[in-house]
Amino acid sequence: MYTEKRKLSKTELRRISNTTNIILIVVFIILLFSFWNAQILRNFYYTALADRNITKDIEVKAPRGLIFDRNHLRLSENKLNFSLFLVREYSRDVSASLDAAASILGVKKEEIEKKIARYRSYPQSFRILLEKDLSLQKVVYIESRSAEMPEFEIDIAPARAYPYEKSASHILGYISELTTDSLEQMKDQGYKLGDSSGKSGIEKQYEPYLHGIKGIRTVAKDNLGRVREILNEKKPEIGNSIVLTIDINLQRYIEEIFKNYKGTVGVVDLKSGGILALISKPNFNPDIFSGVLDPEDWSKLVSDPDHPLQNKFIQGRYSPGSTFKIVVALAALQEGVVDSSTVSSCYGSVKIYNRVFHCWQGGGHGPVSIENALKNSCNVYFYRVGKKMDIDIIAEYAHMLGLGDLTNIDLPNEKAGLIPNKEWKQRELNQKWFPGETISVAIGGGMLNVTPIQALLMISTVALRGQMPQLHLLKAVESGGGSVIRQFKPTFKQVSIAKRHFETVINGLFRVVNDSGTGQAARIKELDICGKTGTQQIISKENPNYKTLVKQERFKPHAWFVSFAPRTNPEIAVVVFIQNGGDAGAVAAPIAGKIYEQLF
């Protein structure tokens with residue numbers, strides 16, 4: 001059985017042919033419209049997509065502004081170095097790329113992974129900085145294998161350098177790469193991971209002036225991610241320059257004569273309040289922070305018992321010792337407790353509140369006025385003055401003269417000191433103040449502590465007969481072209497102590513140096529230096545093992561010397577603090593004398 005095939009009629013064939021033609025025409029029209037839409041209507045859109053595949057905007061780091069001393073000698077500068085970046089977008093295998101990076105840089109893969117993890121939320125096209133200050137050998141190795149490793153990019157970027165190395169390191173500070181925490185605080189200011197900023201000193205204090213404006217470089221890349229052409233470039237702008245009040249030659253001179261000590265020295269120009277030199281020992285080389293800091297080097301710095309990163313001038317808090325007698329003398333004179341003719345006899349000790357208080361001079365000083373008490377640093381005289389005074393009054397004058405409070409010098413992380421009073425002890429220790437405690441405070445002991453910059457501010461105010469200067473390091477901010485953007489204007493405030501009382505105290509301070517007083521080792525012929533020594537015991541002389549213990553360096557007294565010159569129309573004030581230095585008259589005063597000799 002079979003089915004006979006029927007032949008299609010001409011009409012049916014014509015109908016099928018027409019339908020087919022219509023379908024073909026519709027398909028052709030659709031294709032034509034699609035090409036027209038792509039080539040004409042959406043030309044710019046697809047061109048932009050294509051451009052995006054072959055072009056890339058690269059951020060160009062801005063050089064930091066320079067830092068100069070008062071004579072425009074360069075204290076910081078910029079050098080060019082090679083930096084290695086990773087672009088995950090161009091990596092065929094990120095894990096293999098990290099293996100390669102670890103091998104090239106000579107570090108563990110875990111270290112690279114830890115750094116990459118910080119950029120987890122960033123786009124794959126973001127350039128991740130792996131290392132700065134790349135050696136030329138590594139640069140050549142990576143560049144010669146760019147076809148094999150397109151994910152690695154070498155860039156030339158500015159880096160910080162300090163031509164005087166360790167000199168003035170606590171003034172200048174250092175810069176380093178932003179951490180995740182610090183970025184959170186600064187991202188609104190245009191910072192990104194991989195950027196650097198000032199971490200201490202002037203680098204941190206004036207970061208907004210110094211950091212500069214980034215540039216943008218638009219480049220063309222091939223299908224392997226290699227740069228083939230720079231299409232457009234907006235040059236970065238260097239940051240503003242900071243001109244300091246520091247004299248780097250004086251700074252280096254003092255660092256040399258202070259090289260065997262731990263402690264700090266500060267020198268101020270009394271006409272302006274500008275700091276001429278600031279030494280804190282031990283110091284550090286800020287250059288080590290410009291590259292990738294070795295973890296071992298960082299560990300050594302932070303675990304060093306001498307705290308080289310601490311700026312002792314503004315952060316070290318120490319008992320002021322006999323330098324505090326200046327405050328007590330002025331307070332007693334202003335309050336009428338004593339006058340310039342008041343005499344008290346010192347026989348080496350005095351009994352107050354059923355306790356015997358000793359003078360440092362075993363045989364005593366005999367009858368002494370306030371000027372002689374300052375000259376010889378007589379403890380007994382000031383014990384008796386302390387008995388007549390209230391601790392709150394002494395504290396009031398200490399604050400009035402700049403002790404115990406922030407000086408607001410233009411350096412970050414300054415510490416305040418401690419000037420105890422009744423309210424403080426009740427609040428902090430839940431105890432009442434006993435009059436016997438005032439006796440120790442009257443000679444600079446007890447719970448007192450001050451920073452060396454506060455001691456410098458105090459002696460500066462005395463030198464200027466009650467005019468307290470604003471201590472500062474900034475002289476001016478200048479643009480890259482040298483025009484002045486900001487100029488520091490010296491400011492002074494008057495303290496409420498009569499000038500005649502300052503003159504009485506200054507007479508005593510003059511005799512300290514020039515009339516066989518405790519600071520006579522600072523004397524310079526034909527220069528009227530006025531000063532006060534302070535030898536602050538670490539352990540009590542009443543300790544039965546005192547003579548044995550004090551031979552060990554850590555138990556030696558701290559040595560202070562605060563001073564100014566000349567006596568009339570003073571120009572310079574100096575503070576010298578030597579940690580565990582021993583007798584102040586023997587070690588701190590001579591250093592001050594050498595500084596004055598160099599200056600005058």
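Only residues that are without any contact (Cβ under 8 Å) to a residue 12 or more places away in the chain and either assigned to a helix (DSSP H, G or I) or more than 18 Å from residue 187 (Cβ to Cβ) (or both): list them for the range 105-126, please.
Of everything in the range 105-126, those that are without any contact (Cβ under 8 Å) to a residue 12 or more places away in the chain and either assigned to a helix (DSSP H, G or I) or more than 18 Å from residue 187 (Cβ to Cβ) (or both) turn out to be 106, 107, 108, 109, 110, 111, 114, 117.
Hey, can you tell me all the residues within the range 489-519 that are of a type in the set (Phe, Trp, Tyr) and surrounded by 19 or more Cβ atoms within 10 Å (Cβ to Cβ)?
502, 510
Could you please find all residues in the range 135-151 being of a type outside the set (Lys, Arg) and either without any contact (Cβ under 8 Å) to a residue 60 or more places away in the chain or under 16 Å from residue 81 (Cβ atoms) (or both)?
135, 136, 137, 139, 140, 141, 142, 143, 144, 148, 149
Against the conditions (1) touching a helix residue (DSSP H, G or I) at 6+ places or on another chain (Cβ under 8 Å); (2) at pLDDT 85 or above; (3) more than 30 Å from residue 464 (Cβ to Cβ); (4) of a type in the set (Gly, Ala, Ser), where does residue 266 fall short? Just the number, please.
Exception for residue 266: condition (3).
With the structure loaded, tell me whether residue 405 is free of Cβ contacts under 8 Å to residues at least 60 places away in the same chain, assigned to a loop (DSSP other than H, G, I, E, B) and within 30 Å of residue 246 (Cβ to Cβ) or whether it fails that test.
Judged against the criteria, residue 405 is a match.
Select from the range 80-104 the residues that are assigned to a strand (DSSP E or B) and surrounded by 13 or more Cβ atoms within 10 Å (Cβ to Cβ) and write down the one among them that is modelled with the lowest pLDDT.
The residue in question is 81.
Go through the residues of the range 546-560 one by one and say whether even a single one is at pLDDT 95 or above, assigned to a strand (DSSP E or B) and within 23 Å of residue 314 (Cα to Cα).
yes
Can you confirm whether the range 254-265 contains a residue that is outside the structural domain of residue 477 (by TED's automatic domain parsing), touching a strand residue (DSSP E or B) at 6+ places or on another chain (Cβ under 7 Å) and part of a helix (DSSP H, G or I)?
no
So which pairs qualify, if the first residue must be in the range 576-599 and charged (D, E, K, R), the second must be surrounded by fewer than 21 Cβ atoms within 10 Å (Cβ to Cβ), the Cβ gap must be under 6 Å, and the two must be at least 6 apart or on different chains?
594/257; 597/524
Go through the residues of the range 115-137 one by one and say whether even a single one is within 30 Å of residue 310 (Cβ to Cβ), among the basic types (Lys, Arg) and touching a Gly at 6+ places or on another chain (Cβ under 7 Å).
yes
The conditions are (1) free of Cβ contacts under 8 Å to residues at least 12 places away in the same chain; (2) more than 30 Å from residue 516 (Cβ to Cβ); (3) assigned by TED's automatic domain parsing to the domain that holds residue 509, and residue 317 fails exactly one of them. Which is it?
So the condition that residue 317 fails would be (1).
Restricting attention to strands (runs of 3 or more DSSP E) lying wholly within the range 266-383, give those where 2 or more residues are closer than 30 Å to residue 70 by Cα and not polar (S, T, N, Q).
Result: 274-281.
Please work out if residue 257 is within 19 Å of residue 284 (Cα to Cα) and at pLDDT 95 or above.
In short, yes.
For the subset of the range 590-600 comprising residues that are over 28 Å from the mean Cα position of the chain (by Cα) and either of a type in the set (A, V, I, L, M, F, W, C) or crowded, with 21+ Cβ neighbours inside 10 Å (or both), which member is farthest from residue 539 (Cα to Cα)?
600
Give the residue, chosen from 454, 431, 426, that is crowded, with 23+ Cβ neighbours inside 10 Å and of a type outside the set (Ser, Thr, Tyr).
Result: 454 is the single residue among 454, 431, 426 that is crowded, with 23+ Cβ neighbours inside 10 Å and of a type outside the set (Ser, Thr, Tyr).
Does the range 373-390 include one or more residues that are free of Cβ contacts under 8 Å to residues at least 40 places away in the same chain, surrounded by fewer than 22 Cβ atoms within 10 Å (Cβ to Cβ), in contact with a helix residue (DSSP H, G or I) (Cβ under 9 Å, 6 or more places away or on another chain) and among the hydroxyl-bearing types (Ser, Thr, Tyr)?
Among the residues of the range 373-390, not one is free of Cβ contacts under 8 Å to residues at least 40 places away in the same chain, surrounded by fewer than 22 Cβ atoms within 10 Å (Cβ to Cβ), in contact with a helix residue (DSSP H, G or I) (Cβ under 9 Å, 6 or more places away or on another chain) and among the hydroxyl-bearing types (Ser, Thr, Tyr), which makes the answer no.
Does the range 567-577 contain any residue that is among the hydroxyl-bearing types (Ser, Thr, Tyr) and either within 12 Å of residue 261 (Cβ to Cβ) or crowded, with 24+ Cβ neighbours inside 10 Å (or both)?
No, the range 567-577 has no match at all.
Out of the residues in the range 38-71 meeting the condition of being among the acidic types (Asp, Glu) and modelled with pLDDT of 75 or more, tell me which one is farthest from residue 274 (Cα to Cα).
57
Does at least one position in the range 197-208 carry a residue that is farther than 14 Å from residue 64 by Cα and either outside the structural domain of residue 139 (by TED's automatic domain parsing) or more than 14 Å from the chain's Cα centre (by Cα) (or both)?
The answer is no, given that none of the residues of the range 197-208 is farther than 14 Å from residue 64 by Cα and either outside the structural domain of residue 139 (by TED's automatic domain parsing) or more than 14 Å from the chain's Cα centre (by Cα) (or both).
Can you find, within the range 337-372, the residue that is surrounded by the fewest Cβ atoms within 10 Å (Cβ to Cβ) among those that are in contact (Cβ under 8 Å) with a residue 60 or more places away in the chain and aliphatic (A, V, I, L, M)?
Residue satisfying both the conditions and the ranking: 352.
Looking at (1) free of Cβ contacts under 8 Å to residues at least 40 places away in the same chain; (2) not in a strand (DSSP E or B), find the lone condition where residue 493 falls short.
(2)
For the range 522-548: of the residues being crowded, with 20+ Cβ neighbours inside 10 Å and not polar (S, T, N, Q), which is nearest to residue 446 (Cα to Cα)?
Once the filter is applied, the top-ranked residue is 534.
Taking the range 549-563, which residues are among the hydrophobic types (A, V, I, L, M, F, W, C) and surrounded by fewer than 16 Cβ atoms within 10 Å (Cβ to Cβ)?
549
The values are calculated or read from the model by the stated rules, or taken from the named source; none is laboratory data. The structure presented is a predicted model; accordingly, all values stated were derived computationally and were not measured. Note: ideal-geometry Cβ built from the backbone for every residue, glycine included; neighbour counts use all protein chains shown.
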